[in-house]
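The values are calculated or read from the model by the stated rules, or taken from the named source; none is laboratory data. From a predicted model like this one, the values you see are computed outputs, not experimental measurements. Cβ atoms come from the backbone with ideal geometry, glycine included; neighbour counts cover every protein chain shown. Just so you know, the surface numbers come from the protein's heavy atoms only, side chains and all, with ligands and any DNA or RNA stripped out. Shrake-Rupley method; radii C 1.70, N 1.55, O 1.52, S 1.80 Å.
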Amino acid sequence: MSRVTAFTSMIRVGVNGYGTIGKRVADAVRLQPDMQLIGVAKTRPNYEAETALQKGYPLYSAIPEQSHLFAEAGMELHGEVEDLVSESDVIVDATPSGVGADNCSLYKEHETPAILQGGETSDAVDESFVAQANYDDAAGAELLRVVSCNTTGLSRLLEPLDRTYGVDKARVTLIRRGGDPNETNRGPINDILPDPVTVPSHHGPDVRTIFPTLAIDTVGVTVPATLMHLHSVNITLDTAPTVDELCELLERNPRLFVVPEKLDIEGTAQLKEFAKDSGRPRGDLWENCLWKESVAMEGTDLYLFQSIHQEAIVVPENIDAIRALVSQKPAAESIALTNDRLGIHSRDSYSTSQRSDTAQPADD
Ligand code: NAD
């Protein structure tokens with residue numbers, strides 16, 4: 001049963017935790033024709049609170065004892081986080097790892113369904129979510145988890161391959177960025193870390209929260225980089241398609257950007273530069289970025305490199321998760337609408353600008 005009443009066709013969305021993921025999700029919510037951003041909750045006044053106000057986002061205090069800090073900084077509050085939860089049809093919780101699980105009692109108290117992020121464990125929620133893989137499983141859930149950036153990237157790639165050719169076994173080395181560009185306290189700054197040093201890493205089991213029976217082993221390495229992750233992928237398929245057939249399959253999926261040779265993009269820095277030059281907000285890449293030249297078949301073994309923009313890839317998934325939880329919209333319609341509003345298109349019409357014609361007024 002949809003929580004969105006007959007009185008309003010707009011889904012009222014609150015965002016609790018307005019950092020790297022939360023601010024991007026809030027901007028994406030505002031672009032959706034069927035969603036209204038009720039507001040965003042912040043723990044303290046800072047530059048992100050200031051820009052939320054500049055964008056006209058109603059600001060709520062995440063920690064009532066700290067509400068006075070906003071008044072002292074001259075930032076007007078709409079209320080406290082409980083108000084945001086009670087005024088919203090659904091909450092996107094984008095707080096740091098572990099905090100989301102602590103917040104669940106608040107969401108349950110107000111009977112407001114919530115979407116947690118990949119920093120939380122799967123047992124904190126009813127379902128883990130990747131739009132193209134298991135959208136329909138979200139119906140009726142109270143708590144959903146959009147899986148981590150790496151798990152989202154792997155799941156998006158594995159879904160069409162398994163559906164079309166069958167996946168016998170996936171083996172992936174994840175070369176992970178040390179921190180996000182704004183995380184001044186992360187590292188390493190001059191090292192290459194087996195991370196975790198034990199094999200396999202947790203990513204494979206996390207992918208199995210989406211594909212329970214899939215055979216996948218992952219290992220992780222952390223490097224001094226902030227821009228993107230890089231996955232070195234080897235997948236043994238049940239059949240042996242040609243490289244052209246594989247690329248055609250992958251190119252049909254708008255959330256997989258098969259980077260053509262003609263762009264002469266050598267690495268993650270140039271991918272990000274391309275996104276910025278193309279006018280993407282914050283230089284965001286919402287798609288998996290797969291180098292077409294890296295796609296190779298040896299017998300039934302597929303090899304490729306893909307890069308994942310950790311700050312952006314889960315944004316479309318959060319938008320689809322909102323609809324999956326509280327609307328009746330089918331998966332294909334939601335995914336197409338999200339893609340259209342963000343500006344994610346298939347490669348023949350590569351477009352990088354968001355739709356702004358239906359953006360809600362700044363004071364909504
Ligand atoms: P972040 O630190 O950039 O943002 C979190 C925000 O929540 C900060 O503004 C922080 O002040 C605020 N906060 C702290 N405690 C709070 C509370 N009690 N109530 C409300 N707000 C609170 O973190 P992030 O990178 O956006 O990560 C958020 C979640 O998304 C985590 O689960 C993380 O694992 C996941 N995730 C992060 C990335 C990434 O690369 N950044 C990618 C995918 C998923």
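Can we say THR20 is in contact with a strand residue (DSSP E or B) (Cβ under 7 Å, 6 or more places away or on another chain), hydroxyl-bearing (Ser, Thr, Tyr) and near the ligand (Cβ under 9 Å from one of its atoms)? So THR20 fails the test. List every residue pair whose Cβ atoms lie under 6 Å apart, where the two residues are 6 or more positions apart in sequence or sit on different chains, the first residue falls within the range 41-61 and is within 21 Å of SER86 (Cβ to Cβ), and the second residue, located anywhere, is near the ligand (Cβ under 10 Å from one of its atoms) and among the β-branched types (Val, Ile, Thr). As it stands, the answer is ALA41/VAL81; THR43/ILE63; ALA52/VAL40; TYR57/VAL40; TYR60/VAL81, since those pairs meet every condition given. Considering the range 86-122, the residues that are touching a Gly at 6+ places or on another chain (Cβ under 6 Å), under 17 Å from CYS149 (Cα atoms) and aliphatic (A, V, I, L, M) include one that is surrounded by the most Cβ atoms within 10 Å (Cβ to Cβ), namely LEU116.
Among residues of the range 177-200 that are polar (S, T, N, Q), those with a beta-carbon under 7 Å from a residue that is at pLDDT 95 or above and surrounded by 11 or more Cβ atoms within 10 Å (Cβ to Cβ) at least six positions away or on a different chain give the pairs ASN190/PRO224. Within the range 188-201, the set of residues being out of contact with any Ser or Thr (no Cβ under 8 Å at 6 or more places or on another chain) and within 26 Å of ARG171 (Cα to Cα) comprises ASP191, PRO194, PRO196, VAL197, THR198, VAL199. Among the residues of the range 37-50, is there at least one that is over 17 Å from GLY343 (Cα atoms), aliphatic (A, V, I, L, M) and more than 10 Å from the ligand (Cβ to nearest atom)? The answer is yes, given that some residue of the range 37-50 is over 17 Å from GLY343 (Cα atoms), aliphatic (A, V, I, L, M) and more than 10 Å from the ligand (Cβ to nearest atom).
When each of ALA101, ALA139 is tested for being within 13 Å of the ligand (Cβ to nearest atom) and not polar (S, T, N, Q), the lone residue that passes is ALA101. In this structure, VAL81 does not qualify as of a type outside the set (Phe, Trp, Tyr), open to solvent by less than 40 Å² (accessible area, probe 1.4 Å) and either farther than 18 Å from THR43 by Cβ or more than 14 Å from the ligand (Cβ to nearest atom) (or both).
For the range 166-191, a residue qualifies if it is open to solvent by 30 Å² or more (accessible area, probe 1.4 Å), aliphatic (A, V, I, L, M) and either farther than 21 Å from MET228 by Cβ or over 21 Å from the mean Cα position of the chain (by Cα) (or both), and exactly one does: ILE189.
Among all residues of the range 33-52, there is none that is among the polar types (S, T, N, Q) and crowded, with 23+ Cβ neighbours inside 10 Å.
Taking the criterion of being open to solvent by 10 Å² or more (accessible area, probe 1.4 Å) and either in a helix (DSSP H, G or I) or not hydroxyl-bearing (Ser, Thr, Tyr) (or both), the residues of the range 143-165 that qualify are CYS149, GLU159, ASP162, ARG163, THR164. Taking the criterion of being crowded, with 20+ Cβ neighbours inside 10 Å and of a type outside the set (Ser, Thr, Tyr), the residues of the range 220-252 that qualify are GLY220, LEU227, MET228, HIS229, LEU230, HIS231, VAL233, ILE235, LEU237, LEU246, LEU250. Entry remark, the range 61-78: residues being away from the ligand (no atom under 13 Å from the Cβ) and open to solvent by 60 Å² or more (accessible area, probe 1.4 Å) number 6 in total. The single condition among (1) part of a loop (DSSP other than H, G, I, E, B); (2) away from the ligand (no atom under 14 Å from the Cβ) that ALA170 does not satisfy is (1).
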